[in-house]
1. If you plug each phi of the stretch 53-66 into the Karplus form 6.51 cos²θ - 1.76 cosθ + 1.60 with θ = phi - 60°, what whole-Hz ³J(HN,Hα) values come out, in order, with x for Gly and Pro?
2. Do the sum for the chain: with -39,500 (n - 2.57) for every DSSP H run of n ≥ 4, divided by all residues, what is the mean residue ellipticity at 222 nm, to the nearest 500 deg cm²/dmol?
3. So how far, in whole Å, is the C-alpha centre of the stretch 65-135 from the one of the stretch 258-330?
4. Calculated FRET efficiency, THR105 and ILE298, Cβ-Cβ r, R0 30 Å, to nearest 0.05?
5. Sequence-distant or interchain residues sharing an amide H contact under 5 Å with ASP148, placed H: which?
6. First select every other residue whose beta carbon is under 14 angstrom from the beta carbon of GLU112; then total the charges, Lys and Arg +1, Asp and Glu -1.
7. Rg/Rh for the chain: what does it come to with C-alpha atoms and Rh from Kirkwood?
8. For the stretch 273-284, in order, what is each residue's ³J(HN,Hα) by Karplus, 6.51 cos²θ - 1.76 cosθ + 1.60 with θ = phi - 60°, in whole Hz (x at glycine and Pro)?
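Just so you know, all these numbers are worked out from the coordinates, no wet-lab data involved. Computed from a prediction, not measured in an experiment: that's the story for all the values here. Reconstructed Cβ throughout: ideal geometry from the backbone, glycine too, with neighbour counts over all protein chains shown.
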Amino acid sequence: MKTFLVNGTTETSFMAWLEKGMKEVFSRNGFTLLEDVDEDLRLVLNFTDPESCRPFRRKAQATFVVSILENEGVMENVFKEAYPYLIRSLSNHLMFVNHDAGVTTFYFLTPEQGCYQIEYKQGDDEARLFQKIYERLEPLASSQLVIDNDFHFDLPEPLWNGDEVSVQLKKSGKKLDKMDLLPAPFPIDEYLTPRDMRHLHKLYGIGGLSYGNLSARQDENHFWMSASGIDKSNMTTIGQDILFIKGYNSKDNKIEVSVPPEVTPKRASVDAIEHWMIYKEHPEVGAIVHIHAWMDGIKATEINYPCGTVELAKTVAELVRESENPSQAVIGLKNHGLTITGTSLEDIFERIDGKINRQVPMN
């Protein structure tokens, strides 16, 4: 059942108009408006403001929160001004509404640092505007996250300190750093209180935000992968920096990870489900690198599904399947970055050398 809830208050006539229009368009498209929070709640439209930008406290991971703020005036860098509110509100998405010179621009920001926009002027078709907003948000709100891990303390002893494949992963992390393709982790603790950090960790196991990841096949059914929220240029510890991925438990919706005994493991990257799908379907793929950068002339996803969702994983896997050579594919993730397959990590770096654009196009 598709359900949604409106949280917060609207302080201006424009925001009251926006709230009314969004309620109507989601209701018209099959969503049921709820009065209270429950574990089956799918979408929250969280109206807030810069002075009191507080988190909406979900009861379940599946609840997708879109925080909505209003602003006025010229903005030199919308990402710099708006992204902290995405973090402070613990949202999956931020709709930052800015009025300037008679034009209202709706900026949509994602945790992966994506940003796209819709412009609206007085007299434009209201119904078309709200339908555009719905079409942007509905696929994201309806997507299925795969972010839970099932840790098994059963990694074979010969792998406790890694192997040749994990060594290549370490070296490749340093290569990404030398290529300036590892943005600094976002200082999430500067924007959240200790209480909010605990809530975020409880929901998503996140202790920090870092971008990009890489993996390499170990054998037919397993692969090594960088963990979530770490410095990819300095991966050292098996079970914390580098994880041995066993597979995906579709029944429990969890990534299965094998770690050494007596290690406090870190969580797998949210993109583990995407890597797992690609390795499972294409035995010739030996490595995968995901970076927040771009290359010209590539196929790209049409919808910027959140990282860690089945929908994004399936879409990328489909584009890999349709590529001329799945073992050496370069797939664009809309407003986000690249997923690159290769026969090995060395193969990937040789192919992308000199072809990377650090700026991801937004549309």
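1. 7, 10, x, 8, 8, 5, 9, 8, 4, 6, 6, 9, 9, 10
2. Mean residue ellipticity, 222 nm, calculated: -8500 deg cm²/dmol.
3. Taking the Cα centre of each part, the stretch 65-135 and the stretch 258-330 sit 28 Å apart.
4. 0.60
5. ILE255
6. -1
7. 0.98
8. Computed from phi, the couplings for the stretch 273-284 are 5, 5, 4, 4, 4, 5, 4, 5, 7, 10, x, 7 Hz.
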